[in-house]
Amino acid sequence: MADAKPQTKAPGPFDVATVRELVELMDKFDLGEVDLNDGDQRIRLRKNRFVAAAAPTPPAAVHAPPSGNSQPAAPAAPARKLLEIKSELVGTFYGKPDPTKADYVRVGSRVTPDTVVCKVEAMKIFNEVTAKCTGTITEVCVKNEQFVDFDQVLFRVDPS
C-alpha cells in the first residue's frame, strides 16, 4: 500500500485562531460587525459600540490643569444607572405598529412595565416587546426594520 498523505484542513470560520484574527481586524479597521459565509458555514461577530457612549466623561474633568487656588476639584457626578430593554429573540425590529403610524416610543417617552416599546418579527410572527421597567427612554439603540439578535440592547431607560 502506498503511504497515505496526511490531509491538511484549512481552518474553518469557527476555528479559535480565525476568530481571534477577525477580532483583531475588527479592532484595526474599527469595524462594528463582520459576517462571513463559506458554503453552509457562517460566523457573525458584532461589537457593542454603545458601551462607551453610555456614560461619557466630560473632557474638562479628564485632565484639568491645576489652578492657582488649592481647593480640590468637586467630584464628578456619578453616572446614571440606565436600564436596558433587550431583544428576547432573533428577528426584525419594528419600532412602529404600522409604517404610516408614529413610533411606539421615542427618546423622552415615559414607559411602565406593560408599555409596548416595539415588535420583533420572527418566523412571520410579530412579538410585542414590553418595557418591563418604569422610566424614561434615553436612547433608541436600533433602527426600524433592523435585524436584531437575542439579548441585543434595543432601548436604554433612565429609571429616575
Revision key, fill the gap. Taking the stretch 25-52 and the residues there that are assigned to a helix (DSSP H, G or I) and open to solvent by less than 90 Å² (accessible area, probe 1.4 Å), the one that is modelled with the lowest pLDDT would be Ala52
Exercise for review: State all residues of the stretch 112-140 that are under 15 Å from Val153 (Cβ atoms), hydrophobic (A, V, I, L, M, F, W, C) and either in a strand (DSSP E or B) or out of contact with any Leu (no Cβ under 6 Å at 6 or more places or on another chain) (or both); if no residue qualifies, say none.
Suggested key: Val117, Cys118, Val120, Val129, Ala131, Ile137, Val140
**Study point:** Qualifying residues in the stretch 1-24 (those that are at pLDDT 70 or above and open to solvent by 70 Å² or more (accessible area, probe 1.4 Å)) - the one farthest from Cys141 (Cα to Cα)
**Key:** Val16
Check your understanding: Just to be sure, is Ala73 at pLDDT 50 or above and part of a loop (DSSP other than H, G, I, E, B)?
Key -> yes
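For Cys133, are the conditions met, namely being under 20 Å from the mean Cα position of the chain (by Cα) and closer than 23 Å to Arg44 by Cβ?
no
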Practice item. Consider only pairs whose beta carbons are under 8 Å apart and that are at least six residues apart or on different chains; among these, list those whose first residue lies in the stretch 94-120 and is of a type in the set (Phe, Trp, Tyr) and whose second residue is open to solvent by 60 Å² or more (accessible area, probe 1.4 Å). Key: Tyr94/Phe126; Tyr94/Asn144; Tyr94/Glu145; Tyr104/Lys96; Tyr104/Pro97
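The values are calculated or read from the model by the stated rules, or taken from the named source; none is laboratory data. Everything numeric here is computed off the predicted structure, so don't read it as measured data. Positions of Cβ are generated from backbone atoms using ideal geometry, with glycine treated the same way; all protein chains shown enter the neighbour counts. We work out accessible area using only protein heavy atoms, side chains counted, and drop any ligands, DNA or RNA first. Shrake-Rupley method; radii C 1.70, N 1.55, O 1.52, S 1.80 Å.
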